[in-house]
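Visitor: Sharing a structure here in structure tokens format.
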Amino acid sequence: MFKPVNKVAQRQKRHFRIRIAISGTPSRPRLSIFRSNKAIYCQIIDDLAGNTLVAASSREISGASGGNVEGAKLVGKLIAEKALEKGIKNVVFDRGGFLYHGRVKALAEAARAAGLEF
């Protein structure tokens, strides 16, 4: 019997499996990424308190498209700058069930280059 494929449900299932092993603490919060077709979003989250400490997205940056690698690099740099202002240097990377490739990889590498450690 053929079961139709639901890409969103498959990604969420992968994300839940990842989240079993990854959790953000006050000393080392979680850098979570969500990628849509038009934008890319990221948050730094303290899971114990349930608080979002820092957030950034491609929608905040004028003239940047979140649908390409260059926009993701700008968002990675922005999230790192905001995190360093708040005194956050070490994070745990949560790719959100997406492959570590393309925009996700570009965002992560830009955040590392701007000073975040993970």
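Visitor: Is there a residue being surrounded by 19 or more Cβ atoms within 10 Å (Cβ to Cβ), more than 14 Å from the chain's Cα centre (by Cα) and farther than 20 Å from Asn37 by Cβ anywhere in the stretch 63-83?
Guide: no
Visitor: Does Glu70 satisfy the condition of being assigned to a loop (DSSP other than H, G, I, E, B) and of a type in the set (D, E, K, R)?
Guide: When the stated conditions are applied, Glu70 does not pass them.
Visitor: Residues of the stretch 73-118 being among the basic types (Lys, Arg), under 18 Å from Ser57 (Cβ atoms) and not in a loop (DSSP other than H, G, I, E, B), which ones?
Guide: Lys73, Lys77, Lys82, Arg103, Lys105
Visitor: Considering only residues that are in contact with a Phe, Trp or Tyr (Cβ under 8 Å, 6 or more places away or on another chain) and of a type in the set (A, V, I, L, M, F, W, C), which ones fall in the stretch 42-74?
Guide: Matches in the stretch 42-74: Cys42, Ala55, Ala56.
Visitor: Another question, then. Of the residues in the stretch 12-46, how many are of a type outside the set (A, V, I, L, M, F, W, C) and either within 14 Å of the chain's Cα centre (by Cα) or closer than 13 Å to Phe93 by Cα (or both)?
Guide: Qualifying residue count for the region: 14.
Visitor: Hey, another quick one. Mind telling me which of the residues Ala39, Ala56 ends up being surrounded by 12 or more Cβ atoms within 10 Å (Cβ to Cβ) and touching a Ser or Thr at 6+ places or on another chain (Cβ under 6 Å)?
Guide: Ala39
Visitor: May I pose another question? When you scan the stretch 66-85, do you find a residue that is in contact with a Gly (Cβ under 9 Å, 6 or more places away or on another chain), under 28 Å from Gln10 (Cα atoms) and acidic (Asp, Glu), even just one?
Guide: For the stretch 66-85, residues in contact with a Gly (Cβ under 9 Å, 6 or more places away or on another chain), under 28 Å from Gln10 (Cα atoms) and acidic (Asp, Glu): absent.
Visitor: Another question, then. Restricting the first residue to the stretch 81-93 and requiring it to be under 15 Å from Ala113 (Cβ atoms) and touching a residue at least 40 places away in the same chain (Cβ under 8 Å), which pairs with a second residue that is surrounded by 12 or more Cβ atoms within 10 Å (Cβ to Cβ) and of a type outside the set (A, V, I, L, M, F, W, C) meet a Cβ separation below 6 Å and a spacing of at least six or different chains?
Guide: What qualifies is Val91/Pro29.
None of the figures in this text is laboratory data; all of them are computed from the coordinates on show. From a predicted model like this one, the values you see are computed outputs, not experimental measurements. A quick note on method: Cβ atoms are made from the backbone with ideal geometry, for glycine too, and the neighbour counts reach across all protein chains shown.
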